[in-house]
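The values are calculated or read from the model by the stated rules, or taken from the named source; none is laboratory data. On a predicted model such as this, the values are computed, not experimentally measured, just so you know. With ideal geometry, Cβ positions are generated from the backbone for all residues, glycine too; neighbour counts draw on all protein chains shown. Side chains included, ligands, DNA and RNA excluded: accessible areas come from the protein's heavy atoms. Shrake-Rupley method; radii C 1.70, N 1.55, O 1.52, S 1.80 Å.
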Amino acid sequence: MNPLRVLVVDDEPLARERLARLLGEAGAEVLAQLEDGPDLLAWIRQGQAVDAIFLDIQMPGGTGLEVLAELPEQIPVVLVTAYAEHAVRAFDSEAVDYVLKPVFKDRLVRALERLQARRRGPAKAEPEGRAHSGQHARIPVRAGEGHVFLDLRRITHLEIEGDI
């Protein structure tokens with residue numbers, strides 16, 4: 001499969017350059033590095049094809065969530081931020097993934113795998129009786145004032161407090 005062609009949008013130059021470098025090392029083709037939402041929307045209006053956008057949330061000229069609402073629906077978005085409290089709103093906005101800063105290569109590779117899987121299309125149904133692979137199974141868990149999403153593949157034990 002061809003490498004993913006992506007955009008990186010972040011108002012912090014060092015974070016933007018680091019993310020672009022890590023994406024390149026992971027096999028993605030970075031088409032452009034942009035500073036903010038208005039730059040992204042102007043780039044999109046030019047009509048160039050892009051497979052995904054890696055979008056920061058806290059930026060001048062509109063938050064990543066506000067910009068996400070203005071994007072064409074067919075462009076998958078991975079939100080990249082230092083703030084875990086936006087996760088629920090991100091997934092409500094149909095973000096493909098939510099990556100916390102500082103970004104690490106292994107986590108970025110997982111986000112790219114999700115994007116590639118989405119590009120391949122819906123998976124075939126599992127034959128009856130076979131266990132589901134849980135490839136994208138995540139559950140929201142209350143954490144302080146907000147929620148975080150936990151990957152079910154990485155959970156070995158659960159303890160539940162209060163009503164369920």
Residue in the range 122-137 that is open to solvent by less than 90 Å² (accessible area, probe 1.4 Å) and either part of a strand (DSSP E or B) or modelled with pLDDT of 70 or more (or both) present: no
Count of residues meeting criterion [touching an Asp or Glu at 6+ places or on another chain (Cβ under 9 Å) and open to solvent by 40 Å² or more (accessible area, probe 1.4 Å)] in the range 32-51: 2
Residue match in the range 62-71 (condition: modelled with pLDDT under 90, among the acidic types (Asp, Glu) and open to solvent by 20 Å² or more (accessible area, probe 1.4 Å)): yes
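Residue by residue, here is whether (1) within 26 Å of Asp151 (Cα to Cα); (2) out of contact with any Lys or Arg (no Cβ under 8 Å at 6 or more places or on another chain) holds:
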residue	(1), (2)
Glu17	no, yes
Leu23	yes, yes
Ala32	no, yes
Asp36	no, yes
Ala42	no, yes
Arg45	no, yes
Asp51	yes, no
Val99	yes, no
Arg114	yes, yes
